[in-house]
Amino acid sequence: MSNDWFETVAEAQRRAKRRLPKSVYGALVAGSERGLTTEDNLRAFAELQFAPHVAGHRAGRKLDTTVMGIPVSLPVIISPTGVQAVHPDGEVAVARAAANRGTIMGLSSFASKPIEEVTAANPNTVFQVYWSGSRETMVHRLDRARAAGAKGLIATLDWSFSHGRDWGSPWIPEKLTLKAAMRFAPQAVTRPAWLIDYLKTGRVPDLTTPNLAPADGGPAPTFFGAYGEWMSTPPPTWDDVAWLREEWGGPFMLKGVSRIDDAKRAVDAGVTAISVSNHGGNNLDSTPASIRMLPGIAEAVGGQVEVLLDGGIRRGGDVAKALALGARAVMIGRAYLWGLAANGQAGVENVLDILRGGLDSAVLGLGHGSIEELSPADFYLPPGFRRELGADSDAVTPPRRPAARKARPATRRSTREPAEPRPEDSVALGNI
C-alpha cells in the first residue's frame with residue numbers, strides 16, 4: 001500500500017512534478033525573465049542562520065495569532081492563486097484543508113471555483129481582486145464577495161505584465177475545445193493519475209473564471225478574457241486604492257508592497273494590512289527577495305498596520321525568520337499547490353502540518369514559548385542582507401497612528417527541497 005504522506009514541501013514538489021502534465025507543473029514553478037527573483041526568494045532564507053540555545057527551553061509553545069481580526073491557529077495563511085487546474089476540487093479542497101488546520105483561505109478572483117462554494121467550505125475566506133474593469137464592475141464583484149460571506153479583501157496591484165521567460169512558457173488554451181484537447185492529449189496521457197482524477201468527475205479542467213461573471217448573469221469569462229480586461233484597465237492611483245478600501249468597508253490588505261514609501265502611502269490610504277511580496281518572482285525580475293525587504297517596511301509601518309510576508313516560504317523555519325523580522329504572519333502559494341497536486345485536500349493539510357511542526361521546532365530551539373518572542377537576536381543577519389527600497393523618499397509622510405487599526409465587519413460603507421528547479425529545467429506560465 002502506498003504512503004501518500006510526505007515529510008517536506010520539497011517532496012510534495014517532486015510528487016507534483018511526477019503527477020502533473022508538463023505545462024500545468026510549469027505554471028506552478030513560474031517566474032519571469034531570468035528567474036532571478038524566484039531564486040532569490042529561496043536563497044535569502046538560507047542566508048539567515050539560527051542561533052539556538054542549549055538549555056532553558058519551554059515545554060509548550062504558543063503559535064496562534066490573528067490576521068485582519070480573524071483568529072488563526074498558526075501564522076500561515078493561504079495566498080490567492082488563480083485557476084487551480086492541478087486537482088478537480090481546486091480551491092474548495094484548499095479551503096477545506098485550511099479550515100481543518102484553523103487558518104484563512106485567500107481566494108483569487110481568477111479562481112476556478114465560485115466564492116459561494118469556497119466560503120461554504122471555509123467561513124474564514126478573504127477575497128482577492130485586481131484593479132480590473134470599471135468601478136461599477138468592481139463594486140459588483142465586491143458585493144458578491146460580501147454576500148457570500150468573505151471576511152476581508154486583498155487588493156493585488158503590483159503586476160506589471162512582464163512577458164517572456166528565458167526557459168519558455170507552456171502552451172495553455174483559452175478553451176478546452178476538441179482541437180485543444182487533442183493537442184494537449186500527449187501531455188495528459190503521460191500523467192495518468194492526474195487524468196484519471198478528472199475523468200472520475202466527468203469533466204475537464206475549467207478554464208473560466210466564475211468569480212468574474214458579469215452582473216447581468218452572462219457567462220463567466222475565460223482566463224484569457226479576464227486577463228485581457230485586466231491588461232486594458234488603466235492602472236490605479238492611490239486615490240483609487242483609498243476608494244476601493246472605502247467601498248469594501250471591512251478588513252483590507254494591499255498585496256505586493258516592496259517599498260517603504262509605498263507602505264507609508266498604504267497606511268495613509270487606510271489599509272488594515274500589507275503583504276510584502278514580489279508576486280512570487282512573476283513580476284519585474286531582479287526585484288529583491290521579499291524577506292530582504294521585510295525588515296525596513298516592518299520598522300516603518302509595523303506599528304500602524306499588520307505586515308505579512310509572501311514569497312519563498314518552504315519550511316517552518318522560514319516562517320520563524322519572517323516573524324522575527326517583523327511579519328505578523330506569512331502567506332504561502334506554491335507550497336500548498338504542490339500539496340494539492342500531490343494528494344488533494346490531504347496534501348494541503350500535510351503542507352500546513354509540515355510548516356506548523358517546523359515553526360514549533362524553531363520556537364523551541366530558540367528558547368521561546370511564543371511566536372511573539374521571536375526577534376532578530378535569534379539568528380545571524382549577514383551584512384548587506386536587507387534591501388530598503390524607497391527609504392529616502394519624502395513624497396509622503398503620513399500621520400502616525402498608535403496601532404494597527406482593528407478589523408471591522410465587511411459591511412459596505414460608501415453609498416455606492418532539494419532546491420526548487422532552476423528556470424532552465426522547466427517551463428512556466430505564471431501564477432495569478
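Numbers below:
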item: The stretch 14-31: number of residues that are out of contact with any strand residue (DSSP E or B) (no Cβ under 9 Å at 6 or more places or on another chain) and more than 20 Å from Pro88 (Cβ to Cβ); result: 2
item: Test: residue in the stretch 148-165 that is at pLDDT 95 or above, open to solvent by 50 Å² or more (accessible area, probe 1.4 Å) and over 26 Å from Gly281 (Cα atoms); result: yes
item: Helices (runs of 4 or more DSSP H) fully within the stretch 280-365 counting 1 or more residues that are over 28 Å from Glu388 (Cβ atoms) and open to solvent by less than 10 Å² (accessible area, probe 1.4 Å); result: 334-365
item: Condition met for Ala327 (within 27 Å of Gly82 (Cβ to Cβ) and modelled with pLDDT of 95 or more); result: yes
item: Subset of the stretch 102-117 (residues that are out of contact with any Asp or Glu (no Cβ under 6 Å at 6 or more places or on another chain) and open to solvent by 10 Å² or more (accessible area, probe 1.4 Å)); result: Gly102, Pro114, Glu116, Glu117
item: Residue match in the stretch 267-286 (condition: touching an Asp or Glu at 6+ places or on another chain (Cβ under 9 Å), within 18 Å of Glu47 (Cα to Cα) and at pLDDT below 95); result: yes
item: Residues (over 17 Å from Leu284 (Cα atoms) and either open to solvent by less than 10 Å² (accessible area, probe 1.4 Å) or in a loop (DSSP other than H, G, I, E, B) (or both)) located in the stretch 29-49; result: Ala44, Phe45, Leu48
item: Pairs with Cβ under 8 Å, 6+ apart, first in the stretch 350-369 and on the phi > 0 side of the Ramachandran plot and at pLDDT 95 or above, second surrounded by fewer than 22 Cβ atoms within 10 Å (Cβ to Cβ) and part of a loop (DSSP other than H, G, I, E, B); result: Gly367/Pro52; Gly367/His53; Gly367/Gly56; Gly367/His57; Gly367/Arg58
item: Positions within the stretch 188-214 being open to solvent by 50 Å² or more (accessible area, probe 1.4 Å), in a helix (DSSP H, G or I) and modelled with pLDDT under 70, in sequence order; result: Val189
item: Sole exception among (1) farther than 26 Å from Leu308 by Cβ; (2) in a loop (DSSP other than H, G, I, E, B); (3) modelled with pLDDT of 95 or more for Pro88, by number; result: (3)
item: Failed item in (1) surrounded by 23 or more Cβ atoms within 10 Å (Cβ to Cβ); (2) among the charged types (D, E, K, R); (3) farther than 18 Å from Phe385 by Cβ, with Asp261 passing the rest; result: (1)
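The values are calculated or read from the model by the stated rules, or taken from the named source; none is laboratory data. Since the model is a prediction, treat every value here as computed from it, not as a measurement. Ideal geometry is used to build each Cβ from the backbone, glycine not excepted, and the neighbour counts take in all protein chains shown. For the accessible areas, the whole protein counts, side chains as well, though only heavy atoms, and no ligand, DNA or RNA atoms are used. Shrake-Rupley method; radii C 1.70, N 1.55, O 1.52, S 1.80 Å.
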